[in-house]
Amino acid sequence: MKKKIYILLTLMLMGMGTATATDRLTVEDVTITQGQQATVAVGFKFDQSGLYAGYQFVLNLPDGISVVTNSTGGILATNGAGLKDASPTQVSNYAEGAWNVACYSYGSTLKGTQNVLFTMTLKAAATLAAGEVLTATLTDIRLSTTDSRSVRLADASFDITIAQPADIRITLDEASTTLPSAATNANVRVLRTISVGKWNTIVLPFSMTQEQQQKAFGNDVALADFTDYKTVTAEDEINYIDVYFRTISGTLLANHPYLIKTGKTITEFSVDGVDIKPADKPTVSRGTKTIKKDFVGSYVPIIVREDGLFVSGGQFWYSAGATKMKGFRAYFDFQDKITSGLSSRVVMHLDDEESTGIATMNGQDTMGDELFNLQGQRINKPSKGVFIQGNRKVVRN
């Protein structure tokens, strides 16, 4: 069938005629994403309708642009409204980057003075540079008239702009109440605030290499892993609590709470190519089977249980049972509470030495006469409500 169409069309094109000055084929400029496909429409603009019954031209594509074929190798070309009753448009590759395109309409003509001849699908190689503009041309354009004459039109061209793929990321938000979903080789955006120059808690549902950590948090990022816990007692009262950490380098493990310190304020960060595998309760436990001290993470906002220790502003605080902790953070569930008064401390030891950064973290809810809300935030100008002052609840009317 293809050979018959080509033979018939060639015979009809033997007697060359002359087109009107404005008769032409048209192709709109197109944008194709790297490695993706886009549809282009070849149309026409004629002075009169009903003069032509077929066409033939050569489509010349630049390097990196190809015509999409189906599973059997056929070209995905679809006749448009201008060729509604015609035979299918034939597209064949006869040279590198060059495609012969032809169609003849039996018993009907190209419809209208402006319409679509056919559409086809082009693909851009993934190696093409984003922002690059390439030019494709239609050459040797010949139209067959209804009285068996052939008319040659001027060449046409269109631009192909190469676009960068959209950055499709999974967003993990510290304020979201939805648990992260598992995903493989995901690009992730994490909305998680980290205060500069202070130890913060962090837990993530994916691992990060040291290179990924430095890219996300800066080259001076520091991580510390919870290793031990001790209480110092006097006369059956807990005088202070020692919490031990060791600094680590290398991989940040998924579902493993850490302390983190950065040299810049972080409001969000991105990581590419990670496997998200969230645990229901990401926890680091130290101690014996019967006496466990837990560093408990959460991917969604929670209320820290009463007497749970949380970190805020580079200090430990006891929760009064109403402290709301945002997601991708952790708190300490020691089940022990300092009982010997406001002079007692929760002390962080880093690499077996008392940390100068948070050595004097106070283990109480508040200090002195300062007022705090139930979330552990200092209140300078309190209004009416319930507050924490000197490790006890007070009501201001």
Full-extension gain between residue 168 and residue 195, please, as 0.36 nm times their residue separation minus the C-alpha to C-alpha distance. 7.0 nm
Taking a ≥ b ≥ c as the square roots of the Cα gyration tensor eigenvalues, with a/c under 1.5 meaning rounded and otherwise prolate when a/b beats b/c or oblate if not, the stretch 195-272 comes out prolate
Counting Lys and Arg as +1 and Asp and Glu as -1, what is the net charge of the other residues whose Cβ lies under 9 Å from the Cβ of residue 321? -1
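As a test, work out the antiparallel percent of DSSP beta bridges whose residues both lie in the stretch 137-222, rounded to the nearest 5.
Expressed as a percentage, antiparallel bridges in the stretch 137-222 total about 55.
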Mind listing the phi-derived Karplus ³J(HN,Hα) values for the stretch 223-234, rounded to whole Hz, using 6.51, -1.76 and 1.60 with θ = phi - 60°, and x for any glycine or proline? 10, 10, 10, 5, 10, 6, 8, 9, 10, 10, 10, 8
From the cross-link list 45/111; 230/281; 230/292; 281/326; 215/261; 198/264, the entries with a Cα-Cα span beyond 18 Å are 230/281
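Of all beta bridges DSSP finds with both residues in the stretch 104-263, what is the antiparallel percent, to the nearest 5? Intermediate values should be presented prior to the final figure.
Working: 27 of 32 bridges.
In the stretch 104-263, DSSP labels about 85 percent of beta bridges as antiparallel.
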In whole Å, what are the Cα extents of the stretch 25-64 along the three principal axes, biggest one first? 40, 17, 12
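A short reminder: the numbers here are calculations on the coordinates, not readings from a lab. Only a predicted model underlies this, so the values are computations on that prediction, with no experimental measurement involved. Reconstructed Cβ throughout: ideal geometry from the backbone, glycine too, with neighbour counts over all protein chains shown.
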